[in-house]
Structures are given as C-alpha cells and as structure tokens.
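The structure appears right after this line, and notes come after that.
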Amino acid sequence: MKHFFIFIFSLVALSCWSQNISEAFNLMPWPKNITQNNQPFILNEAFTVSLDGPDSERLKSTSVNFLRRLSGRTGIFLKAGFPVSAKQNKTAALKISYNDIASLNINTIEAYILEVSPDQISIKAQTDIGALRGLETVLQLIDFNESTYFIPGVSITDEPRFVWRGLMIDVSRHFHPVHVIKRNLDAMAAVKMNVFHWHLVDDQGFRIQSKVYPQLTKLASDGLFYTQEQIRDVVNYASNLGIRVIPEIDVPGHASAILTAFPNLGSKSGYEYSVERNSGVFDPTLDPTNDDTYVFLEKLFTEIVTLFPDDYFHIGGDENEGRHWDENKDIQKFKKEHNLKTNHDLQTYFNIKVEKILNKLGKKLVGWDEILTPNMPTTAVIHSWRGENEGLPKGGTLIEAAKKGYNTILSNGFYIDRMESIEKHYLTEPIGNVSLTEAERSRILGGEATMWSELTTPLTIDSRIWPRTIAIAERLWSDKSVNDVASMLKRIASVSFRLEELGITHIKNRDVILRNMSNNQDISSLITLQQICEPLKIYARNKDGIEYQTYSPFTLFADACVVDALDAVHFNALVRMQQTKPSQENQAKIKNYLEKWSKNHEQFLKLTPSPILTELTPLSKNLSEASSILLEKLNQNKISSASQEQLDKNLKVLKQDHVDVEVAIIQALETLAH
C-alpha cells in the first residue's frame with residue numbers, strides 16, 4: 001500500500017483549493033485534494049465500522065469514540081456500538097483499511113484516502129494514524145436535511161504539509177489538571193494536530209513529580225503537580241489520539257522554582273530563592289560553572305525521560321539576561337578562563353553540556369531560539385518564537401535556522417496568549433516566498449501554537465486556545481494556497497462549536513463567568529457588552545507582570561471576553577462595506593446594532609449594583625449614549641453641534657481601556673461619527 005500512496009499523491013495537484021467547493025463543506029484543516037460525486041451515504045441505525053489491519057488499540061478506541069460522537073450528533077440509536085474486524089463484517093458501512101501500527105515520530109505517515117459512495121464509506125491508510133485523521137474528516141462531513149442525516153459523496157486524498165503541528169500549554173504559571181489537558185488533546189486530534197508540548201517547569205512552579213528529588217514538588221509546587229502515573233496516563237491518552245508529547249524543563253533561566261528547592265545550584269550566593277507569584281523575566285539562574293548543576297540535571301532528566309517516549313526533549317533556554325552571572329565573580333573568572341566572552345557564549349557552553357546529557361539518554365534537544373548561537377551544534381532543534389515584538393526582523397529566526405543547518409519549528413505569529421486576531425494567526429505563513437533548497441525546506445518541521453498561562457486558569461484556558469488554534473492547525477496541515485480568510489471564518493464557526501462535544505468550554509464558560517459577576521442576575525446586558533469588547537493585547541493587561549499574581553481572581557469581565565468579539569467582527573465588517581459599497585441592507589443592519597446598544601444601558605442599570613459591576617458603568621453608559629446619537633445621525637443625516645460634542649466625549653471615553661478590555665468597535669464608531 002505504501003507504493004499505492006506514493007502513486008496516488010504523485011497524481012494529485014499540490015493544491016485543490018476551490019472557492020466553490022470550500023463553501024460546500026465545513027472542513028478544517030482543508031484536505032489536500034477533494035472532489036464531489038453528489039452521491040451521499042445515508043446514515044441509519046444499521047451503521048457499522050470494520051477494521052482491516054493489524055490489531056491497533058488506538059484505532060479501536062478512536063473508532064468507539066467516533067461511533068459515540070456520530071450517534072450523539074444525529075440522535076441515531078445504533079444497533080452496533082463497537083467496531084469489528086473486516087473478517088467479521090465484510091459489508092460494514094465504514095470500512096477502514098490500513099497496513100501498519102505507527103510509531104509516533106516525525107516520520108509517521110498520516111496520509112489517508114476517503115471515498116464516500118451510496119453503498120459504503122472507505123478509509124484507506126498506510127498507518128493507523130492516517131486512519132485516525134480520516135475518521136475526523138468523516139465526522140466533519142456529517143450533514144442533514146429535514147428527513148435524514150448523511151455523509152456527502154466525496155473523494156478525498158489528504159496528507160499534512162508539515163510533520164510538526166503542535167500546541168504548547170504552560171502549566172507552571174497556572175496549573176491545569178489532567179482533565180483539562182485531556183479535553184484539549186481531544187480537540188487537538190479533532191483538527192489533526194500531532195504534538196503536545198508540555199511546559200512543566202518555570203519560575204512559578206515545578207509541576208512534575210520527582211522521586212529522585214522529592215524536594216522539587218514539596219517546596220516548589222504549592223502541592224500542584226502531576227504524579228508520574230498521571231504523566232504516563234496523559235502520554236498514553238495522547239498516543240491513542242496520534243499525538244506526541246514533548247516535555248519542557250526550562251533551564252538555565254526561569255529557574256526560581258528549581259532553586260527554591262536547591263539554592264546551592266543558583267548563581268548568586270546568599271540569595272533567598274522563592275517560587276514566583278508574578279509574571280515576567282526574573283534573575284534566578286542555574287550556575288553553569290558548578291559541576292553539581294550537571295549532576296542534578298542528569299539525574300533529573302534520567303528519571304523524567306522514562307515518562308516520555310518521544311525522541312525530543314525541550315530545555316527552554318529562553319530569556320536569560322544573566323544578571324546573576326554578571327554579579328558572580330567566580331562565574332566571571334570561569335568565563336575568562338574558558339574564553340567565553342559573553343553570557344550567550346556561557347549559555348552555549350551550558351546548552352552543549354546539557355545536550356550531551358540528553359543525547360546519552362537517547363533524546364534530541366529542543367530549545368527556544370535564544371540557543372541559536374554560532375557554536376551551538378546543528379543537532380539541536382531551534383524553536384523560533386521571537387519576532388518584531390522582540391526587536392527582531394519580521395521573519396524571525398525560522399529561515400535563518402534552517403539555512404544554518406538546524407531543524408526548526410515556528411511559534412512566532414502563533415502566540416495565542418497575546419490575544420491577537422484569528423486572521424493574523426491564519427495568515428502567518430511559515431515559509432512564504434523564501435527561496436529554499438530541498439534540504440533547507442525539509443528542516444522546517446512545522447510549528448506550535450503557544451498558550452502561556454500567566455492570565456489563564458482551567459476556567460478560561462479553552463477560550464484562549466480555541467477557536468484560533470483551529471486556524472493554526474489548518475495553516476500547518478493544508479497547502480499554503482488555502483488562505484482565504486472569509487472561507488476560513490465560515491468553516492471555523494461550525495468546527496468550533498463541535499469541540500463542545502469533546503468537553504471544550506470555550507463557548508459556555510462565558511456565561512459561567514458573567515453569572516458569577518452578576519450574582520446570577522439577568523446577564524443579557526453583560527453579554528451585549530462582552531460581544532463588542534476584547535481583552536487587552538500583547539500583555540498590556542498585566543503591565544510589567546505585577547498587576548496580577550498567580551492567586552489573583554481570573555473571573556472578571558476581561559476573562560469572559562474573547563478575541564474576535566462576535567458583534568464587533570460583524571459590525572466592523574458592515575461599516576467597512578458601507579464605506580465602499582453602500583446599500584440600504586447594510587445600513588439597516590448597522591442601525592439594528594446601534595439600536596440594541598442604545599438601549600443596553602437601561603438593561604444594565606436593572607442589575608443590582610456591586611463593585612465588580614460598577615466598574616463597567618462608564619463603558620455601558622458611553623456606549624449607549626454614543627449609539628443613540630449615531631442612530632439619530634443615520635436617521636436624519638445630521639446632528640446638532642451639541643450632540644456632536646457629546647458624541648466626541650463618549651468616543652473619547654470608549655477609546656480608553658476599561659477593566660482590562662478594549663472596545664473593539666471604536667474605529668467603526670469613529671467612522672460613522674465623522
């Protein structure tokens with residue numbers, strides 16, 4: 001079958017992007033090649049699944065889950081709730097054929113072929129992982145009319161563009177329990193992501209049980225950590241979904257938690273190390289000149305690598321400013337003796353020694369792009385994260401690393417904790433039009449969405465990851481020609497809400513937060529405000545990292561708000577369209593929004609006031625006043641000078657930050673005002 005796949009994929013075009021066919025199906029990521037045959041398969045209670053291939057526990061488990069999800073979406077009472085072998089059922093509704101049980105690594109074959117006809121649905125794949133990816137496509141294809149549910153007649157050949165399509169979750173700044181991790185793994189699998197990067201250690205906590213060094217969790221975790229059994233359970237759970245798990249132990253910087261337990265490994269003698277409660281970049285750093293540092297790391301890594309079968313191990317290596325190194329006379333002496341002119345040279349010395357430890361343990365080192373220094377061996381993997389915000393050129397370090405001979409992965413442009421728009425992430429093209437040799441292109445493994453957790457808790461993390469990460473998943477799976485934003489937004493609306501069946505809380509927890517804020521009063525007026533407000537972007541919410549601590553409340557209005565606020569996106573588009581192609585229909589829709597907002601403050605004032613609600617009063621009041629005046633202007637084509645003066649005052653207030661959110665319609669309101 002391997003040669004069969006090579007033949008098939010050599011026949012299909014590199015891209016099948018068709019605007020018309022993309023309107024017919026809400027598929028994400030968009031497949032490599034798809035054609036319609038207009039002959040659907042009708043779903044009914046006789047639907048069955050057969051497996052034709054070696055015994056695969058992951059495929060059995062996923063097939064059972066597939067049947068539950070199909071039944072749950074359609075309400076069909078299936079007569080057979082479990083898959084069987086093809087030998088037992090040769091006429092199954094869905095036949096899955098595959099050759100191999102895949103080992104999870106960067107060479108895993110994820111390709112599949114899906115054929116839907118009136119008689120049968122067929123998935124053919126070289127590996128069981130490819131079959132998993134095909135099953136997710138079938139679920140996304142489920143459609144209905146007033147009398148039946150069906151799978152549209154299609155032929156799909158599909159494989160990913162990049163081999164590394166990841167999501168990083170930081171569990172140090174805020175701890176996220178196993179059930180939170182698992183539901184996000186389920187969501188990752190639903191959009192064909194295949195790497196879970198687990199950021200386990202940082203200044204704010206050491207989150208993995210060490211039996212060799214129990215002090216680490218006793219003194220540096222606040223009792224919030226994963227046992228080794230929980231780690232194994234998550235790794236196995238991910239493996240059954242076709243997802244690799246890569247741990248990150250951040251060294252030599254971001255070491256406050258480690259040094260709280262082992263101050264003797266620090267670079268500043270007599271310093272009182274403690275677990276950090278704020279956010280930011282801190283001075284505590286491992287001493288790279290102390291032999292005990294490497295003894296500690298080798299023993300720790302020897303224990304931890306047994307929990308993670310993947311080939312790769314992330315050591316962080318970022319944001320080390322070396323202040324404690326500069327203050328240590330012995331470290332400065334060491335630098336001179338070893339001809340290490342800068343702290344970057346000293347960290348490279350450290351990184352090389354750490355890489356040797358990991359190589360001895362059968363692991364490959366991954367580090368953030370600060371490790372990209374002249375003497376760093378090209379056996380390391382460069383995780384490119386810095387860009388214009390960090391003072392680097394727009395392209396960051398990805399292409400530079402690939403051209404210098406490093407394997408590399410991209411996160412610059414995929415930092416979802418910065419609360420930037422889905423469009424920006426979607427249009428972040430890893431390679432673009434850069435000219436690369438075949439070898440250089442092969443070194444660009446893919447990318448990761450990064451969810452740093454300074455401002456997220458289990459209550460809010462899903463709304464910060466999803467749905468934007470669906471767009472990133474498509475960017476990393478689909479051909480780069482698949483880049484139509486309007487099509488993506490149309491398709492993602494369907495794919496996003498379907499994540500709720502997997503336990504993702506990105507939609508429903510908005511109301512949980514607003515009910516908490518209002519003490520279970522009518523939250524309709526708060527929802528109206530939430531739908532035009534977005535959290536402050538690029539870390540403006542937590543200025544200097546000290547406005548919030550790890551124990552601060554994250555049940556505030558800003559936590560209920562999301563990027564790409566629903567009404568704001570629609571209203572802004574209407575106003576833009578009205579400027580270029582005016583129509584009575586658009587004008588009417590704009591007026592409807594203004595009328596709703598003009599009346600909203602009246603509803604808001606019916607809430608029994610509390611300090612947390614009172615903070616929203618200026619926002620609510622000025623929005624209603626501005627909307628009323630703008631509605632008058634649109635209806636009468638003019639307003640008085642007094643009204644214009646009042647409108648300008650309202651807009652000035654609305655342009656300000658309110659309780660850590662920004663009014664996302666302010667530019668459109670100003671357009672209407674002038």
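The values are calculated or read from the model by the stated rules, or taken from the named source; none is laboratory data. The structure presented is a predicted model; accordingly, all values stated were derived computationally and were not measured. Here Cβ is always computed from backbone atoms with ideal geometry, including for glycine, and neighbour counts include all displayed protein chains. Surface areas here come from the heavy atoms of the whole protein model, side chains and all, with no ligands, DNA or RNA. Shrake-Rupley method; radii C 1.70, N 1.55, O 1.52, S 1.80 Å.
Kirkwood hydrodynamic radius computed over segment 494-594 comes to 16.0 Å, based on all pairs of distinct alpha carbons.
Between segment 490-555 and segment 635-674, the alpha-carbon centres lie 25 Å apart.
Any idea what the relative contact order of the chain is, in percent, if you count C-alpha pairs under 8 Å spaced at least 6 apart?
It comes to 12 percent, rounded to a whole number.
A 1.4 Å probe run over segment 411-494, with the rest of the protein chains in place, finds 29 Å² accessible per residue.
So, with +1 on the Cβ of K and R and -1 on the Cβ of D and E, and no other charges, what is the size of the charge dipole of segment 93-213 about its Cα centre, to the nearest 20 debye?
Using only the charged Cβ atoms, the result is roughly 460 debye.
Would you be so kind as to identify which of Asn412, Gly391, Leu445 lies farthest towards the positive end of the dipole of segment 357-461, taking Lys and Arg as +1 and Asp and Glu as -1 on Cβ and the Cα centre as origin? The Cα lying farthest towards the positive end belongs to Leu445. The dipole here belongs to segment 31-98: it is taken about the Cα centre, uses +1 on the Cβ of Lys and Arg and -1 on the Cβ of Asp and Glu, and is about 100 debye.
Return the Rg/Rh value of segment 223-292, two decimal places, where both radii are evaluated on C-alpha atoms and Rh is the Kirkwood radius.
Ratio of gyration radius to Kirkwood radius: 1.10.
Between Ala24 and Lys404, the FRET efficiency estimated from the beta carbon spacing at R0 = 51 angstrom works out to 0.70. Only the Cβ atoms of Lys and Arg (+1) and of Asp and Glu (-1) were treated as charged; on that basis the dipole of the chain about its Cα centre amounts to roughly 1080 debye.
Determine, from the Cβ-Cβ distance of Glu146 and Asp345 and an R0 of 56 Å, the FRET efficiency 1/(1 + (r/R0)^6), rounded to the nearest 0.05.
Calculated value: 0.20.
Available extension along the chain between Glu670 and Asp657 is 3.1 nm, counting 0.36 nm per residue and deducting the alpha carbon span. With a Förster radius of 25 Å applied to the beta-carbon distance between Asn483 and Thr437, the computed FRET efficiency rounds to 0.55.
To the nearest 10, the accessible area of Met188 is 0 Å² with a 1.4 Å probe.
Pairs of Lys residues in segment 423-555, spaced 8 or more positions apart or belonging to different chains, with C-alpha separations under 19 angstrom: 4 in total. Note on Lys424 and Glu321: the model spin-label points, each 7 Å out from Cα along the C-beta direction, lie 2.3 nm apart. Packing-based ranking of 125-131, 439-445 yields 125-131, 439-445, ordered from highest to lowest mean Cβ neighbour count within 10 Å. Normalised by the empirical 2.2 N^0.38 Å for globular proteins, what value does the Cα Rg of segment 394-501 take? Taking N as the residue count of segment 394-501, the ratio is 1.15. Report the one residue of Ala261, Thr348, Pro430 whose Cα lies farthest in the direction of the positive end of the charge dipole of the chain (charges on C-beta: Lys and Arg +1, Asp and Glu -1; origin at the Cα centre). Highest projection toward the positive end goes to Pro430.
The relative contact order of segment 88-128, computed from alpha carbon pairs under 8 Å that lie at least 6 residues apart in sequence, is 50 percent. Segment 237-289 and segment 71-107 have Cα centres spaced 44 Å apart.
Only protein atoms count toward the accessible area here, which uses a 1.4 Å probe; on the chain, the carbon and sulfur part of that area reaches 51 percent.
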